[in-house]
1. Give the angle, between 0 and 90 degrees and rounded to the nearest 10, that separates the Cα long axis of helix 245-255 from the longest principal axis of the Cα atoms of the chain.
2. Under a Cβ-Cβ cut-off of 13 Å, what is the net charge of the residues other than residue 3 that fall near it, where Lys and Arg count +1 and Asp and Glu count -1?
3. Using a 10 Å cut-off on Cβ atoms, rank the peptides 55-61, 68-74 from the highest mean neighbour count down.
4. Helix 37-49 sits at what angle to the longest principal axis of the chain, using alpha carbons and giving 0 to 90 degrees rounded to 10?
5. Could you calculate the FRET efficiency of residue 206 with residue 133 from 1/(1 + (r/R0)^6), where r is the beta carbon distance between them and R0 is 30 Å, rounded to 0.05?
6. Pull out the extension gain between residue 75 and residue 5, defined as 0.36 nm times the separation in residues minus the alpha carbon to alpha carbon distance; nm, one decimal.
7. Between residue 242 and residue 171, what FRET efficiency comes out of the Förster formula 1/(1 + (r/R0)^6) with R0 = 30 Å and r the beta carbon distance, rounded to 0.05?
8. Quick one: length gained pulling residue 181 to residue 230 fully straight, 0.36 nm per residue minus the C-alpha distance?
Amino acid sequence: MKQISDFALENLTVDMDEAGITTVTLDRAAKRNALNAQTVEELIELFGALPRMGARAVVLRAEGDHFCAGLDLVEHHSEDRRPEDFMHLCLRWHEAFNKMEYGGVPIIAALKGAVVGGGLELASAAHIRVADQSTYFALPEGQRGLFTGGGATIRVADLVGKARMIDMMLTGRIYTRDEAMQVGLCQYLVEDSDAKAFEIARAAAENPPLSNFAICSAISHMQNMSALDAAYAESVVAGIVNTQPASRGRLEAFANKTAARVKPK
């Protein structure tokens, strides 16, 4: 089985603790963690392997003041890509983000500063987004003569709705703080996004892995199905997950009234 030390990463760092909490850090602070082609390949390699390496939850964070400013426009300009070349690059972005969304391991993104363009596409592939007070969200593709190519039309539109996404792209509208929370760009708004993301990751890692796998893969798959097919798939997944051995003790605790009650604090 592949080990953390086996990865030859230039633009990411990765660490896994004894509980399986894995920290993946974007490490191009001088470029505001913009995604160049090499970084995308590293995301594919890493997130393709982590589910088989015992990762129980992932915190996706960044060095520097910004989470991710999107596509590395300097590289894009200097490469002067042909249309088919850029299409294939976009398909690699989709490969990376699909491995994140459908991989079955909870990914919590700790956001700060710019979450812009492709950076928002990256964040939207995580299962939970935690923003701090410095975080701002934007899709400035229209102003730059571009169009989203990494899944925004799928994931960002799913988060905020088609009309809001079109508005963001046409006008360059920026969402921050409470308004970003209200429209669904993040689920948490805190002072320290790293600390909160790790808190959430530790809580998620206490769930049975099979439950987390279903939550962090099956729901996305079912969203792509017809209602009838999704109902069937949900029944199959529930049949497997809800009868797993790891659930027996938890169900017994509930039956014996020793389990923690679900109630507001």
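Bear in mind these aren't lab numbers, they're just calculated from the coordinates by the rules spelled out. Everything numeric in this text was worked out from a predicted model, so none of it was measured. Because the Cβ atoms are built from the backbone with ideal geometry, glycine has one as well, and the counts that use them run over all protein chains shown.
1. Roughly 60 degrees between the two axes.
2. Result for the local shell: 0.
3. Per-residue mean Cβ counts within 10 Å order the peptides as 55-61, 68-74.
4. Between the helix axis and the principal axis of the chain, the angle is about 10 degrees.
5. The pair residue 206/residue 133 has a calculated efficiency of 0.55.
6. 22.4 nm
7. Working: r = 46 Å, r/R0 = 1.54.
Between residue 171 and residue 242 the formula returns 0.05.
8. 14.8 nm
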